[in-house]
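These notes concern the structure reproduced below.
The values are calculated or read from the model by the stated rules, or taken from the named source; none is laboratory data. Predicted model, so just to flag it, every value in this text is computed and none were measured. Because the Cβ atoms are built from the backbone with ideal geometry, glycine has one as well, and the counts that use them run over all protein chains shown. To get the accessible areas, we keep the full protein, side chains included, count just its heavy atoms, and leave off ligands, DNA and RNA. Shrake-Rupley method; radii C 1.70, N 1.55, O 1.52, S 1.80 Å.
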Amino acid sequence: MWSAKPPQPPSSTYCSLQSSLLSLAILTLLSFTYLSLKSFHSSNSPPPLTPSLVIQSSQVVRQVAEQQREQEEEEEVITDVYNSPGVFKLNYEEMERKFKVYIYKDGDPKTFYQTPRKLTGKYSSEGYFFQNIRESKFVTDDPDQAHLFFIPISCHKMRGKGTSYENMTIIVQNYVDSLIAKYPYWNRTMGADHFFVTCHDVGVRATEGHPFLVKNAIRVVCSPSYDVGYIPHKDVALPQVLQPFALPAGGNDIENRTTLGFWAGHRNSKIRVILARQWENDTELDISNNRINRATGPLVYQKRFYRTKFCICPGGSQVNSARITDSIHYGCVPVILSDYYDLPFNDIVDWHKFAVVLREKDVYDLKQILKNITQDEFVTLHNNLVKVQKHFQWNSPPIRHDAFHMVMYELWLRHHVIKY
């Protein structure tokens, strides 16, 4: 038999009470500070010991505010959007305390090494990672203290300089071979404690010239497809984020979302061709077989996200698409139509709580599937989507729980399986 549990106070009531107590404490400290200053200016009162009392009071106020912010962050983490919220919280805090990465210093930063090409465009995730890791506290100059080793070669920069795929493969192979010859660290694990970051799909192919880079090293990639050599328990899915976003984040705006579904883009994959052919003339789904012409008005494409309940995200030339993170940012529930896609942070967050994940064959029944989702179910998906927005946003410098920290957390989880 199920045992009855004593009634628990609603979490919102508890949080409100806690916030009220903290606010009361802050007001008390401010009042005490005011009285101290008044006493200081009074001619009939003895002078205060020192003005440090005011400084100390201000410090306490800041500490209380910081504790309140941290408490709110912790409460946000403990939600069912995560596969194992308690485990995630504990492991994440351990990562923040302990995780160290050594970055190889070899290579001329003016060519393909060390620094990002740029922090804009559809491959900006690679650039942000290169910059963020140097802005973070995870870097160590002592390789003996490192849990993992970062191979800082940028295929995006090679692509920007016009390097061919064949030469890119050779450059990556020669660079890794030079690190193996110069340092002892690769040979301890045959590269299993090394990682490589690339968002451009040619970067994945560029690693194929070095077998152990594919087999052993951790590849952090934007195109994590199960059918092209990506190994999900070893490699990491890097979210493809098109930053900077043109408009502010959406969310808590359900009443404005009157369009059932939206997609506009190039037909550069089989699933996109079928999607456009099947639904472009539908009256309830807003489907265009080309990107919206900028001549129709400023930011028309982005504004469609604000008005739509479900944004269709079919795979393009690769399984991934920046449209997924666009949808998340603008508060439009993403509908994933891409087979063999290892979704970013899939082992941390439950995508089914804030997205609709379908098989490509479901495209023929797409409208009915979306119409079968009740309003209450949509509201839940939308509210959960707002909770995970911070995980799909890059920042400089990085902040807790953003895309950079989530990628680092994925790397932290993988380092535990490496023994030497």
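So here's what we get for this one:
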item: Matching residues in the stretch 121-141 - criterion: being among the hydroxyl-bearing types (Ser, Thr, Tyr) and more than 13 Å from His200 (Cα to Cα); result: Tyr128, Ser136, Thr140
item: Qualifying residue in the stretch 373-389 (condition: under 22 Å from Ile287 (Cα atoms), β-branched (Val, Ile, Thr) and either modelled with pLDDT of 95 or more or out of contact with any strand residue (DSSP E or B) (no Cβ under 7 Å at 6 or more places or on another chain) (or both)); result: yes
item: Number of positions in the stretch 176-207 that are among the acidic types (Asp, Glu), part of a helix (DSSP H, G or I) and surrounded by 14 or more Cβ atoms within 10 Å (Cβ to Cβ); result: 1
item: Condition check for Arg307: closer than 22 Å to Lys387 by Cα and outside the structural domain of Asp201 (by the TED database); result: yes
item: Residue count, the stretch 220-232 (criterion: closer than 20 Å to Gly191 by Cα and either free of Cβ contacts under 8 Å to residues at least 12 places away in the same chain or of a type in the set (A, V, I, L, M) (or both)); result: 3
item: All positions within the stretch 188-228 that are out of contact with any Phe, Trp or Tyr (no Cβ under 9 Å at 6 or more places or on another chain) and among the hydrophobic types (A, V, I, L, M, F, W, C); result: Val214
item: Qualifying positions in the stretch 128-152 - outside any loop (DSSP other than H, G, I, E, B) and touching a residue at least 40 places away in the same chain (Cβ under 8 Å); result: Tyr128, Phe129, Phe130, Gln131, Asn132, Ile133, Glu135, Pro143, Gln145, Leu148, Phe149, Phe150
item: Breaking point among (1) farther than 17 Å from Tyr123 by Cα; (2) crowded, with 19+ Cβ neighbours inside 10 Å, for Gln173; result: (2)
item: Matching strands (runs of 3 or more DSSP E) fully within the stretch 217-336 where at least 3 residues are among the aliphatic types (A, V, I, L, M); result: 218-221
item: Pair list, Cβ under 6 Å, 6 or more apart: the stretch 233-246 residue under 17 Å from Arg414 (Cα atoms) and assigned by the TED database to the domain that holds Val197, other residue small (Gly, Ala, Ser) and modelled with pLDDT of 90 or more; result: Leu238/Ser125
item: Among (1) charged (D, E, K, R); (2) outside any helix (DSSP H, G or I); (3) under 18 Å from Ile328 (Cβ atoms) - the single one Lys387 does not satisfy; result: (2)
item: Scan of the stretch 77-117 for residues that are touching a helix residue (DSSP H, G or I) at 6+ places or on another chain (Cβ under 7 Å), of a type in the set (Ser, Thr, Tyr) and open to solvent by 50 Å² or more (accessible area, probe 1.4 Å), ordered by number; result: Thr115
